[in-house]
Structures are given as C-alpha cells and as structure tokens.
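Below is one structure, written out as structure tokens, with a few remarks after it.
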Amino acid sequence: MRGIQLSFSNTQKLRLEKALAQLESISSKVNSNATVIVADTIPVDEDAALKGHGTLEMGKNVIATVCGVVERVNKLVYVRSLRARYKPEIGDIIVGRVIEVAPKRWRLEINFSQDAVLMLSSMNLPDGIQRRRTAVDELNMRSIFVESDVICAEVRGFQHDGSLHLQARSQKYGKLERGKLLKIPPYLVKRRKQHFHHLDQYGVDLIFGCNGFIWVGEHVDVKDAMVEDQVNKPDPQNTNSASLLGSSEEPTYTPLETRQYICRIANAITVFSALSFMVNLEAVIETVTLSLSLNLGVHEMLEAEFHVQVAEQEAERRCTSSRRK
Amino acid sequence: MEYVNPEGLRLDGRRPMEMRQLRAEIGVVSRADGSAAFEMGNTKVIAAVYGPREVQNRSQQMNDQALVRCEYSMANFSTGDRRRKTKGDRRSTEISLVIRQTMEACILTHLMPRSQIDIYVQVLQADGGTRSACINAATLALADAGIPMRDLVTSCSAGYLNSTPLLDLNYLEDSAGGADVTVGILPKMDKVTLLQMDAKLPMDIFENVMQLAVEGCKAVESYIREILLENAKMLEIRRGA
C-alpha cells in the first residue's frame, strides 16, 4: 500500500481486508465495469460520440490513454483519471507554495505540470486600496510573500502563452500562517461549493485546495475589507504603520490545545490519503471524533490499529449511506 | 557448454520457450508521481516517474511538447562482484538513451507542453534482461503517474544458443556469446519501437528469434494489464463516490 509502511498484526490484516471487501461489495452494486487502463478500447456509438480527455481515436476504435473510469455525459465520452497531477480549472481554489519572487509576479508550486504565476496586479494590496501598482510596490513584494510562503488563491485562467495565472482578490485569499500543509493526490479532493472550513469546536481553519494541497491552521478572522477601508480612510499613512507594528509585535502564539487539534486533523487526513479514501469535511471530523473518543494520543493516530479502525468506520459510513439511497 | 540439455531443459530448468516468473508492484516509491517494481525471475528493477513538472533547465524547454528524461543506474550490490560503478559510464548512458527513446514513442508529449517528465530506473538485482525489465517497469510507473500514453510498451529478449531459439535469457545464457535480441513493442498497435541485437544471425533464424521475443512481449503485456487493471479498480473502489 502506498505510503503505509506499517506492520499489521494478523488480526489487523484480516480486519482491514474485511473492511476493504465490504467497500468493494458496496461499490460493485453502483458502478459496473467502467474501469479502463491505457490502450483499452472504449465502446462508443458510431461517430456520434465526442471524445474528451483521456481518449484517443485510433482507426475505428476509441482507446483510453490513461488509467481511470469512463464517464459519459450525453454525447461526451471521457476518462476520469485516478492518480495524476492536478489539472486546473478556472475558479478552483488552490493552495500553493511560493518558489520564486520574479519581476511583478510570484511563481507558485501547485502540483501542476508547470509553475503557476500570481501577478502583483491580480491581488489585493494589504492596505486594501485599489490603485495602480507602482515601482515601489514592486520593490516591496517581499513584504507580502517571500519564498516558501504558503498561499491560498484562485485559478484565474490560462494566458495566451500557455502559462497558468492565479488571482487573490479577496481577503479570504493570501498568506497562510501558523498551520500545516499536507499534500495528497488531487483525485481524493472533490470540487465543491465550499473549500474553506472553520471548525469552531477546534478553533481551526481547514482549506481543501483542489490541487491536493490541504491547509490545516489556526483560525484567523477574515477582516472585512470594506469596513476597514471606511474606518481607515482619513489617514492611510497611519494605518500602514499600525499594521506594520501589529505584524512585528505579534505577542500571541498558538495555544497548545489548538496546535494539538491541528496535528490531529492533519493526521486524520494523512490516514485517509494513505488508505486512498476520498477526503471531505464530514469524514475528517468523524475521524477526529473517533480518535478523541478512543483517547488516542496525536502520534498514535498514525499507527496500524487506527488505520484499521478508520477503514472499518469508512466501510460502515458508506454502508449506511448506500442503504439510505 | 551445453545450454539446452538433451531433455530440452535450460540451465535454470526452463523450456526453451518458457519465460521466467513475472512479478510487478505499483506504488513502491511514496514521494514519486508514479512508481513500480518489476521482477523477471532474479532480475529486479525499480522505476520512479516524476512529472510532468516545470522544466529545470529553461533552455531545454519546448513550447509544443514535454521533455522526457531518463536515468538508468545499477545498484552496487546488483551484480555478483560488488564494484563501484560510475554514474555516467558508456553502458548506462546507452541504456538510458534506449529507454528514453522507447518511452518517448508512447507518451503523448504534445499534451503536456513546457514541462518535463523524469524517469529513474534502477537495477536492484541483475540476472540478464535488465533492459527489458527496465522498460516494463517504466511503463507501469508512467501509467501509475497518470501520464497519457498511446499504448503500453512492453519488452522482452530472446537469444539463439545450441541451435535453439531461447526466450528471456538469464545472465549465464546472456554471457554465452550467442545472439541476444531485445525487442520492445506497442502491443495494441502492433508496432516495434525497440530492436537491438548483438552478434550476428542468419536472416531466417533471426525472424524466428524475433517472433519468439514478440510473443514474450505479448505475454508481459497481458500480465502488466492485469496488474494495472487491478490497481485502477482498487483505487476507484477505495475512493468511493
């Protein structure tokens, strides 16, 4: 199993196998033999079909070019790939890491086939004022993000030269601090309406980046840009210095309890991705609750026993949800 | 020396047209985008694929297709006599090139412009046919990395000793000095992407030997497909709806 170097005892092995067999029996009811591998022929109707991603026309046949599942939407036939790098779509919320500060732009690693670009002009300035970016702003770029910062942004689209551009035009985007970045395969994250989550009971923010980068960090209150603007308008100079002071002081630190919750949630996600289960909010919360109810220490979540328990819990969860249908 | 005894058995007890046991495993390197281990009898290799990712050397970047790179190496402990091998020696450079060209023929590079794909193959245990084993492992690793391909490339070798065509030579047979034909094919398209031979063979015998090697490739293909399908099904089931 990928990423798991655990030694299961015999009973644990059996329990894990049983849970996985249960998962198999549930899903076999739902989907038929839609799984294909490279160069498998996909049965399609005579030239009425539109060939989408992961397919290739070869003579009269349509073949798959990646391993995955055949999906059909009306006339469109495409293969949804499983393990692969991230494929950006416009509007996706992603988490990335700055690898370079270049003229007027930052370069971000986002698990795509090339680095993404975040232009200085496509993000809100920290002072919240809308204006043209000057040469001074350009020189101060390192005061906003430096190399190895973790950033949350939105996919803006492909430029005509083929590069991927991002934007961060809202207070909810920007630098992520005091937390943990997890990298999981992107196919385990589903695109949803909501990718930002605030777990009130733990005081933790959770961001599921569509690119498989997941941020678990201390909760920060999003300041409303508009309100701040109105208050500070009379004296922009003053606010600038005030915000600078605020960032340099930062006497508060993350309380131990919050740090433990961050690690607990991070470990829950690690276990999920090690078992290659789909990661979503409900599942993560359930897993954290399970670990708390078992009185497990944070590090004990990465042991073999907990992997087995998570697998069993997931099997049960999917069982009940399929019965409800 | 007698490589095929009167009963028609080879040194390791196989029939002339018998392959060694195949074994493959997907996902052996946790940090790689795709990885696989492949065994043909005692030959054991491991392959890791990174990418498509940003091109490291900007001057090599191509605007219409991906750059494919390959590095072949042999572990110090892979052969009988333990010796320190330099990284860029003639043999490994040549095999790297061969593997790169073979894989490039099947990857749809035009779908990933301005990026690079790195394939690293390492021989953990060498017992003849490392070239073929490396290509098979690389195919599995590329499929695991979700890189679009025209077809699966599979490879197998065959030789000619004691006036008998032999499939899948081991180290002893390989070093006997007879001909060694390594073939790589695209099974679905029925095309040859790799054909190498040391020593000489008469035309009619060569055709027989090559036919044997192609059959070996098809046997490897059916095994690889089985492994890949099983892996894909497993991933899909676990992911759930």
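The values are calculated or read from the model by the stated rules, or taken from the named source; none is laboratory data. These figures come from a predicted structure and were not determined experimentally. Please note: Cβ atoms are built from the backbone with ideal geometry, for glycine as well, and neighbour counts cover all protein chains shown. These area figures cover heavy atoms from the full protein model, side chains too; ligands, DNA and RNA do not enter into them. Shrake-Rupley method; radii C 1.70, N 1.55, O 1.52, S 1.80 Å.
Charged side chains reduced to their Cβ positions (Lys and Arg at +1, Asp and Glu at -1) give region B:25-174 a dipole of some 600 debye around its Cα centre.
Pairs of Cα atoms nearer than 8 Å and 6+ residues apart set the relative contact order; for chain A it is 16 percent.
Normalised by residue count, the protein assembly as shown yields a Cα convex hull volume of 208 Å³ per residue.
For region B:71-81, putting each phi into the Karplus relation 6.51 cos²θ - 1.76 cosθ + 1.60 with θ = phi - 60° gives couplings of 10, 10, 9, 10, 5, 4, 8, 7, 10, x, 8 Hz, in residue order, rounded to whole numbers and with x for Gly and Pro.
Sorted from greatest to least, the principal axis extents spanned by the alpha carbons of chain A come out as 66, 57, 35 Å.
Largest first, the residues B:MET112, B:MET210 sort by 1.4 Å accessible area into B:MET210, B:MET112. Helix A:236-249 sits at what angle to the longest principal axis of chain A, using alpha carbons and giving 0 to 90 degrees rounded to 10? Taking the Cα atoms of chain A, the angle to A:236-249 is about 60 degrees. If one computes the Cα centroid of region B:72-137 and of region B:40-59, what distance in Å separates the two points? With region B:72-137 and region B:40-59 each reduced to a Cα centre, they are spaced 8 Å.
Relative to the longest principal axis of the Cα atoms of chain A, the long axis of helix A:10-30 makes an angle of roughly 90 degrees. Across region A:122-210, the volume of the C-alpha convex hull divided among the residues equals 162 Å³ per residue.
When the accessible areas of A alone and B alone are added and the area of the pair subtracted, with a 1.4 Å probe, the result is around 3600 Å², both sides summed.
How high is the relative contact order of chain B, in percent, with contacts defined as C-alpha pairs under 8 Å that are six or more residues apart?
So the answer I get is 21 percent.
In this view, the solvent-accessible surface of A:VAL79, computed with a 1.4 Å probe and all protein chains in place, comes to about 10 Å². Take each residue in B:139-152, count the other chain C-beta atoms within 10 Å of its C-beta, and the mean is 5.
Relative contact order (percent) for region B:1-139, with alpha-carbon contacts under 8 angstrom and 6 or more residues of separation?
32
Here A:ILE99 sits with roughly 80 square angstrom of accessible surface, probe radius 1.4 Å.
Only helical runs count toward this figure. For chain A, summing -39,500 (n - 2.57) over DSSP H runs of n ≥ 4 and dividing by all residues gives -10500 deg cm²/dmol at 222 nm. In the context of the full protein assembly, B:THR164 retains an accessible surface of approximately 30 Å², using a probe radius of 1.4 Å and ignoring ligands and nucleic acids.
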